[in-house]
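Note sheet for the following structure.
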Amino acid sequence: MGEVYFAAGHIDEAASLESVSELFAVWNPGLKFGMARSSGEEAWSCPAGSRVCWIQDGAGEVFLPAGYRTKEGDGEPLPQIYRPEPASKEWLEAVRYAQTRLESLRGEPRNAVERICSRMRGGFYAGDAANELWTWIEHNAEPPDEKFGDFIALFERIYDQIGYSVKSVSGWEPVQGGDQILVGPDPLRVRGNLRYWFIETTTPITHISALRRLRYLKDTAGGCNFQFDAFRRMLLTYYANRGVTPTNPDGVNQFNSHFVNIAAETSRAHYHPRAAVGGGRPQSEMYLVMDPGVYGLSTYGRKASVTLYPEVEGANADLSERVDIPLEVGSVVYITPGTGHRGVDVFANVVVLPGYKPKNQFFFAERG
């Protein structure tokens, strides 16, 4: 193939991280990837844009003021100092109707609608259901009737406005491995001892809250992983049709992130084409490998790896050419667009740039 199609490194090996950062920069102009450490109490900020940080190991706390809003709480309940915002009557009625029509849906569209409805708690709605809209679009789902179509249209119109909870008292809150911290121009107070990965952008990210903590997020295990200590949680979801213009088909999406425990039995080889479906930037992926024990998960003694195929598209496709990369806690792998890949028995934060584009994933059968 000739061109570099992946870079791999480890958090404890500075030279290897440089090669990952260099390939990342080639495919993502305007973004910066790296690793950093934090100890004691610091004021984090990103004056020229936004920085998204994913804690690899260690523990700490973040100071959040009263009035802070977050879309967490559809996993474990948020502390009692948070109060969910009331849902509108229109949304309550739409969800109640959708629940009566679930039997008319099948497969992933049904799962997506069930997850949308499951976030309703009495007269409140908690959590971020953006990925469920992505799923509906991905599977070309059709509403079973006109009223259900109105439910989908309403959800698409307001999904980024619902699901918030508001903090009533200022104070410190714990963060740990796997959690996501977003910082912008305003300082965010952080204390503790942490190592973390980050992506920095000059284009501000405003559609997510400062913290996304895995324990407070809904587990949507399925698809590539529904066994093997199933775990699949969205830290930074794809916001469909938000900020899209003729010159910016990716809209507000610069990169997305989800944690998943990937078992060999259910992982499928796939690729994202060099010319993205729907336009915009072609889709790259990164694996940031973490210890599953932090969340009480197990890989049952299996060895983690990722298999890469440099040529899977067009007339030059050659599935006999492949490379198997062993992974361990702290590993990082950057995978370029058009490269076939399959994670095996690995617990990882899968970061996708510029995001999980609908209809932009193609599966193929491996050889041997």
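Readers should treat all values here as calculations from the given coordinates under stated rules, not as data from a laboratory. All values derive from a computational prediction rather than experimental measurement. Cβ atoms come from the backbone with ideal geometry, glycine included; neighbour counts cover every protein chain shown.
Tell me the relative contact order for region 86-163 as a rounded percent, counting alpha carbon contacts under 8 Å between residues six or more apart. Intermediate results must be reported in sequence, preceding the final value.
Details: 67 pairs, mean separation 30.1, N = 78.
Relative contact order here is 39 percent.
Quick check: net charge around Gly123, other residues with Cβ under 14 Å of its Cβ, Lys/Arg +1 and Asp/Glu -1?
Values: positive: Arg83, Lys89, Arg96, Arg119, Arg121; negative: Glu85, Glu90, Glu93.
Counting the neighbours of Gly123, the net charge comes to +2.
Take the alpha-carbon centre of region 162-202, take the same for region 316-356, and report the distance between them in whole Å.
Measuring centre to centre over Cα atoms gives 28 Å.
From the cross-link list Lys167/Lys357; Lys147/Lys167; Lys71/Lys357; Lys147/Lys357; Lys167/Lys359, which pairs have alpha carbons spaced over 26 Å apart?
Working: Lys167/Lys357 33 Å; Lys147/Lys167 35 Å; Lys71/Lys357 22 Å; Lys147/Lys357 28 Å; Lys167/Lys359 37 Å.
From Lys167/Lys357; Lys147/Lys167; Lys71/Lys357; Lys147/Lys357; Lys167/Lys359, over 26 Å: Lys167/Lys357; Lys147/Lys167; Lys147/Lys357; Lys167/Lys359.
When Lys and Arg each count +1 and Asp and Glu each count -1, what net charge do the other residues less than 11 Å away from Glu200, Cβ to Cβ, add up to?
Values: positive: Lys32, Arg51; negative: none.
Cβ neighbours under 11 Å give a net charge of +2.
In the calculated pair distance distribution of region 86-163, what percentage of Cα-Cα distances lie above 21 Å? Walk me through the numbers before you get to the answer.
Working: 465 of 3003 pairs.
Within region 86-163, distances greater than 21 Å cover 15 percent of Cα pairs.
Taking one equal scatterer on every alpha-carbon of region 26-135, how large is log10 of I(q)/I(0) by Debye at q = 0.10, 0.17, 0.22 1/Å?
-0.51, -1.01, -1.24
Can you give me the span-like helices of the chain, meaning DSSP H runs with 15 Å or more of Cα extent along the axis and Kyte-Doolittle mean at or above -1.0? All intermediate terms of the calculation are to be shown ahead of the outcome.
Working: long enough: 14-27 (20 Å, 0.99); 89-100 (17 Å, -0.85); 107-118 (17 Å, -0.78); 146-158 (18 Å, 0.28).
For the chain, where a helix must reach 15 Å along its axis and average at least -1.0, the hits are 14-27, 89-100, 107-118, 146-158.
At a Förster distance of 22 Å, what's the computed FRET efficiency of Ser88 paired with Thr206, Cβ-Cβ distance as r, to 0.05?
With R0 = 22 Å, the Cβ-Cβ based efficiency is 0.45.
Within a 10 angstrom radius of the beta carbon, how do Arg121, Arg157 rank from fewest other beta carbons to most? Don't skip to the end; give the middle numbers.
Details: Arg121 14, Arg157 10.
So the residues, fewest neighbours to most, are Arg157, Arg121.
Defining a contact as two alpha carbons under 8 Å apart and six or more residues distant in sequence, what relative contact order in percent does the chain show? Before the final figure, lay out the partial values.
Numbers: 823 pairs, mean separation 85.5, N = 368.
Averaging sequence separation for qualifying contacts and normalising by length gives 23 percent for the chain.
Which of the three applies to region 101-240, rounded, prolate or oblate, going by the alpha-carbon gyration tensor with a ≥ b ≥ c and a/c under 1.5 meaning rounded? Display every interim value, and only then the final one.
Details: a/c = 2.04, a/b = 1.73, b/c = 1.18.
Verdict is prolate for region 101-240.
Counting Lys and Arg as +1 and Asp and Glu as -1, each charge on the Cβ, what is the dipole of the chain about the Cα centre in debye, to the nearest 20?
Numbers: 37 positive and 45 negative charges, 156 e Å.
Its charge dipole is roughly 740 debye.
Got a sec? Charge dipole of region 86-163, +1 on Cβ for Lys and Arg, -1 for Asp and Glu; which of Ile116, Pro86, Phe148 is way out at the positive end?
The residue sitting most towards the positive pole is Pro86.
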